[in-house]
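Below you'll find the structure, written out as structure tokens, and then a few comments.
The values are calculated or read from the model by the stated rules, or taken from the named source; none is laboratory data. Everything numeric in this text was worked out from a predicted model, so none of it was measured. Every residue, glycine as well, gets a Cβ built from its backbone with ideal geometry; the counts of neighbours run over all protein chains shown. Only protein heavy atoms, including side chains, enter the accessible area calculation; ligands, DNA and RNA are left aside. Shrake-Rupley method; radii C 1.70, N 1.55, O 1.52, S 1.80 Å.
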Amino acid sequence: MGAMEKIKEIEAEMARTQKNKATNYHLGTLKAKLAKLRNDLLVEEGGGGGGAGAGEGFDVARLGDARVALIGFPSVGKSTLLGTLTSTTSETADYEFTTLTCIPGTMRYKGSKIQVLDLPGIIEGAAHGKGRGREVIAVARSADTILIVLDAGKEGLNQHRDILERELETVGIRLNQRPPDVTFTKKKTGGVRFASTVPLTKLGPEPEKLATQIMRQYKINNADLLAREDISVDQLVDVIQGNRQYKPCLYFYNKIDTITIEEIDQLARMPHSMVGSCGQHFNIGEPHEDDPLKTMMWKYLGLTRIYTKRKGAQPDLQEPVVLSQIRKGTSIKSLCANVSTQMLRDFNFALVWGKSAKHSPQRCGILHSLADEDVVQIVTKTNAQQRQDKNYQSMVQGFSDKYHKKKGVAKKEKQRRLGG
């Protein structure tokens, strides 16, 4: 029996099994088997390593402060939306699959550069490679935020939102969720040790027995698991597999000029959703204009603008340093790493003006979290403080070696020119 037949058989058994306390253990075991079979099937179809659904993807360089992937069915307006956001020209037509490759563009908003990727339309079954779906999903895994574009006129009949959510969930992408607060550590010996700091109501009357059985499905006989929140079976499976990605996702219902005001109101009230029209410029303006869609994208990307200043000078309000909560965080440590590794190494303290400061200026340490439009002055260590560092001698030797190497290369280059 092949993997697909086993998956269908388990799904049929789960459908005919009643959900109650008595069957909770059995259903949990079936869910673990189903998740393992799907993961093995995706790895087998993808040619081995790289994790579930990790296809080859499109060759697009990662640029800017953040990356947004436009995902949706064919002919929902992704290419038009890309042109409206970034002024990038992407071919549009009245037939499906107009876009056959990844078209990148750059959206400039609030001093940041956001890379927007127009991906080919995907269809049901994309997780298993239909319609270049594997390449599209591989790019989606590398994005900071996913913008799912839907046709408001077709959504009521086709339920494209549910289909796209299932396809992304199949390859291990969790939309608008956070990782479970669970610590899972594999060991070589010692058996399975299970503990929790809160009551576990979603794992049935015997959570430890169910967790042990699920681990056995993955051939894990020695591990420590500590749950700090009330998790479900699906979340437990995600933690054990360890290859899930959690992405913020915004749903944009395009072409609202084709439906009634009652239908628009219903779509606008759905969670993480926004309605608009690229053709009529509803909730979306020109590339250089501020509009509700760009504001919502900024919120989902978790970007923060930080203005820097030198001692005795005015802050630079023209070119902010843009930090991402999704990538490296918004602490002073992230700011220093973004500017210079040498600044991070010589950091002493920072003076902060803005919303994150209790008073202006506030002297802060390297782990202080910054707010949008804060002004920061970095104060580095003095020479006397740097000499007290235990790595000072090796650091000085490294600078000396680098200087003499550069000087030697310049000397050889000069001799070569004179000799030639």
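Where strands (runs of 3 or more DSSP E) sit wholly within the range 165-230, those with at least 1 residues that are closer than 17 Å to GLY242 by Cβ, open to solvent by 50 Å² or more (accessible area, probe 1.4 Å) and of a type outside the set (Gly, Ala, Ser) occupy 182-186, 223-227. On inspection, TYR218 does not qualify as in contact with a Pro (Cβ under 6 Å, 6 or more places away or on another chain) and hydroxyl-bearing (Ser, Thr, Tyr).
Being without any contact (Cβ under 8 Å) to a residue 60 or more places away in the chain and open to solvent by less than 100 Å² (accessible area, probe 1.4 Å) is the filter here, so list the residues in the range 357-378 that pass it. Spell out the reasoning first.
Applying the first criterion (without any contact (Cβ under 8 Å) to a residue 60 or more places away in the chain) to the range 357-378 yields 357-369.
ALA357, SER360, PRO361, GLN362, CYS364, GLY365, ILE366, HIS368, SER369 - these are the residues of the range 357-378 that are without any contact (Cβ under 8 Å) to a residue 60 or more places away in the chain and open to solvent by less than 100 Å² (accessible area, probe 1.4 Å).
Restricting attention to the range 1-39 and to residues that are among the hydroxyl-bearing types (Ser, Thr, Tyr) and not in a helix (DSSP H, G or I), the residue that is surrounded by the fewest Cβ atoms within 10 Å (Cβ to Cβ) turns out to be THR17. Taking the criterion of being among the basic types (Lys, Arg) and surrounded by 10 or more Cβ atoms within 10 Å (Cβ to Cβ), the only residue of the range 389-404 that qualifies is LYS402.
Okay, residues lined up against (1) surrounded by fewer than 19 Cβ atoms within 10 Å (Cβ to Cβ); (2) of a type in the set (Phe, Trp, Tyr); (3) touching a residue at least 40 places away in the same chain (Cβ under 8 Å); (4) in a helix (DSSP H, G or I):
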| residue | (1), (2), (3), (4) |
| --- | --- |
| ASP238 | no, no, yes, yes |
| GLN266 | yes, no, no, yes |
| PRO271 | yes, no, yes, no |
| GLY279 | yes, no, yes, no |
| ILE284 | no, no, yes, no |
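Residues are listed down the side, and each one gets a yes or a no for (1) open to solvent by 80 Å² or more (accessible area, probe 1.4 Å); (2) under 30 Å from GLN386 (Cβ atoms):
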position: PRO292; (1), (2): no, no
position: ARG305; (1), (2): no, no
position: LYS309; (1), (2): no, yes
position: ASP316; (1), (2): no, yes
position: GLN342; (1), (2): yes, yes
position: ALA350; (1), (2): no, yes
position: LYS355; (1), (2): yes, no
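Quick one: is LEU100 open to solvent by less than 40 Å² (accessible area, probe 1.4 Å) and either under 19 Å from the mean Cα position of the chain (by Cα) or modelled with pLDDT under 90 (or both)? No: the conditions fail for LEU100.
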